[in-house]
Structures are given as C-alpha cells and as structure tokens.
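Some notes on the structure that comes next.
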C-alpha cells in the first residue's frame, strides 16, 4: 500500500527533495544534529565563525564571522513567502554595542548591507539591520532578534521591512 503525499510527489522522499517545506525540514534536522554535539563549552567569540538558522521574513540559513570584539560580518541564504516567494542572498557589516546594556554578553547591534533576490522579481536592495544578540557563556551558541529596513533598488524602488529570530552555533578554530 502506497500513501500519496501530494499529486505531484508520490512519496515522502520526493516531497522532501522538491518542496520548500521539505527544504525547511532538512535544514531543521541538520541544525538539530549540529546542536547535539556534546562537550563544546567555549565562549562564542573565542569561536569566530557561527552558522545557524533564522526564522521570520525571510527564513533561512545564516552565518556570522567576528572580525573584532564588536565588529562582525554576517550573511545568509533565505527565502521569503512575501512578494511572490523570493529566494535571496544577503550580507551585512555589523557593529555591536556591548556597553549599552548591563549584560556583558548581550549587545545591541546595527549595520549596513545588501541583498540580491534570485527568484521571482530578481533585484537588489540595501539592508540596515538593527537587533539584539546574546552569546551564552557556557555554550558556543548565540541567539538574536533583528529588524531590517530594506530599500529596494531594482527592478523597482520601494521599501520593505524584514525581521526574524535566530540562533547560531559557533565553531572552534582549526
């Protein structure tokens, strides 16, 4: 007996390979596997590169590399259900202010960057991320919440607001 998931996808494997929901499930399974690695207890900034997920608009994979104590670059591959289901690549230069809050491992941040839309109405935009991040002391994990005003430059000009909540796992230097 075969259960058909969808008229275009006869089985679960086909559905996971060819749909956006399948991509999301695979990303979450990968991140769960990475977070399950035991025994890693070094501070996130002593591990300069982090990779993780962001959920919101857009949702996707995110990476961050700390250049200095308060400066980092981040980027990602993401998709958005708004504006005809767009797939986009983005990158930002971020400046962190650890001195504005009483928590030494929590910072407000701001930055400037850009994004390239590759699906739907292909285009370019300028991003101005604003957010808050927390780096856990005992685990190599950071969480963040951000709001990103976006100025669309092409194919037409306009204004959007992106935002999301996410987490990154920070890897040791090799």
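The number of residues in the stretch 123-148 that are surrounded by 15 or more Cβ atoms within 10 Å (Cβ to Cβ) and closer than 18 Å to residue 82 by Cβ comes to 6. Residues considered: 137, 97. Of these, the only one that is more than 21 Å from residue 53 (Cα to Cα) and in contact (Cβ under 8 Å) with a residue 12 or more places away in the chain is 97.
Residue-wise test of (1) under 30 Å from residue 46 (Cα atoms); (2) part of a loop (DSSP other than H, G, I, E, B); (3) over 14 Å from the mean Cα position of the chain (by Cα); (4) outside the structural domain of residue 46 (by TED's automatic domain parsing).
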position	(1), (2), (3), (4)
60	yes, no, no, no
74	yes, no, no, no
79	no, no, no, no
100	yes, yes, yes, no
112	yes, no, yes, no
121	no, yes, yes, no
131	yes, no, no, no
137	yes, yes, yes, no
145	yes, no, no, no
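Being in the same structural domain as residue 73 (by TED's automatic domain parsing), within 15 Å of the chain's Cα centre (by Cα) and surrounded by fewer than 16 Cβ atoms within 10 Å (Cβ to Cβ) is the requirement here; does residue 165 meet it? Yes; evaluated as a whole, the condition is true for this residue.
For the stretch 28-58, the set of residues classified as crowded, with 16+ Cβ neighbours inside 10 Å, part of a helix (DSSP H, G or I) and modelled with pLDDT of 50 or more consists of 31, 45, listed by residue number. Restricting attention to the stretch 79-105, the residues being modelled with pLDDT of 95 or more and buried (at least 17 other Cβ atoms within 10 Å of the Cβ) number 4. Please work out if residue 112 is out of contact with any helix residue (DSSP H, G or I) (no Cβ under 7 Å at 6 or more places or on another chain), touching a residue at least 12 places away in the same chain (Cβ under 8 Å) and surrounded by 14 or more Cβ atoms within 10 Å (Cβ to Cβ). Answer is no for this residue. Taken over the stretch 66-78, the residue count meeting the criterion of being surrounded by 15 or more Cβ atoms within 10 Å (Cβ to Cβ) and under 16 Å from residue 48 (Cβ atoms) is 6.
The values are calculated or read from the model by the stated rules, or taken from the named source; none is laboratory data. As the structure is a prediction and not an experimental result, all values here were calculated from the model. Cβ atoms come from the backbone with ideal geometry, glycine included; neighbour counts cover every protein chain shown.
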